[in-house]
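Below is one structure, written out as structure tokens; the observations come after it.
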């Protein structure tokens, strides 16, 4: 089962995550992110908001992987916790991509319980369940992905030293564990709901650009 967890957290999983920067591209353009120090601050900020929400939703979806009614409610909850239309679209794009690959890796009737175009954390939760993982595992993968994907995008866009970026991500491990554990313990009717107006604004400005490298 540990191997399945690693597979879900692996950036090489062809689920479309490589096409999304999690707001990093626009943060660089706006001068918010310029170096390893500001990268760490950005990732910590994203983890405590978007990452916590994703972790809570993924854990809840894992617990209810074969319950279509609950997953539909969670999909609505994901919409309510994602004020930015561009972020909602990006989440659903990544959700579709994950369903395509994970449903082939771990075939299971539970996949039919998901909405047609699920948010990424819901697809991740069902993927974790079908792979034999726990809700806590799903939360940890979601929290980790909230920082690892954007960190890789920053490395590419700023031509940062890969070792430096890896060190920044590794130093966030205690924060990732804390956010994931807290989210995994949250009841379904009281999931994390943190948001960040700056990240929402960056995403919306980015979506209107014609010269972007990443989809979000």
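Couple of notes before you dig in:
- Of 94, 26, 155, the one that fluctuates the most in a GNM where the chain has Cα springs shorter than 10 Å: 155
- Within a Gaussian network of the chain (alpha carbon springs, distance under 10 Å), most fluctuating of 126, 165, 73: 73
- Relative to the longest principal axis of the Cα atoms of the chain, the long axis of helix 68-80 makes an angle of roughly 20 degrees.
- Among [x] 12.3; [y] 14.7; [z] 10.5, the entry derived from the coordinates for mean projected area of the Cα convex hull in nm²: [z]
- For the pair residue 2 and residue 69 in one chain, pulling the backbone fully straight at 0.36 nm per residue adds 21.2 nm over the alpha carbon distance.
- The length gained on full extension between residue 190 and residue 34, counted as 0.36 nm times the residue separation minus their Cα-Cα distance, comes to 52.6 nm.
- Computed over the chain with a Gaussian network model linking Cα atoms closer than 10 Å, the most mobile of 56, 95, 22 is 95.
- Helical mean residue ellipticity (222 nm; -39500 (n - 2.57) per DSSP H run of 4+; nearest 500) of the chain: -20500 deg cm²/dmol
- Relative contact order (%) - the chain, alpha-carbon pairs under 8 angstrom, separation at least six: 38 percent
- Full-extension gain in nm, residue 134 to residue 163, via 0.36 nm per residue minus C-alpha separation: 7.3 nm
- Judged by the gyration tensor of its Cα atoms, with axes a ≥ b ≥ c, region 161-209 is oblate; a/c meets the 1.5 cut and b/c is at least as large as a/b.
- Rounded to the nearest 10 degrees, the inclination of helix 52-63 to the longest alpha-carbon principal axis of the chain is 20 degrees.
- 0 to 90° range, to nearest 10: angle between helix 135-158 axis and the chain longest Cα axis: 30 degrees
Rule-based calculations on the coordinates, nothing more; no lab input. Computed from a predicted model, the values in this text were never measured in an experiment.
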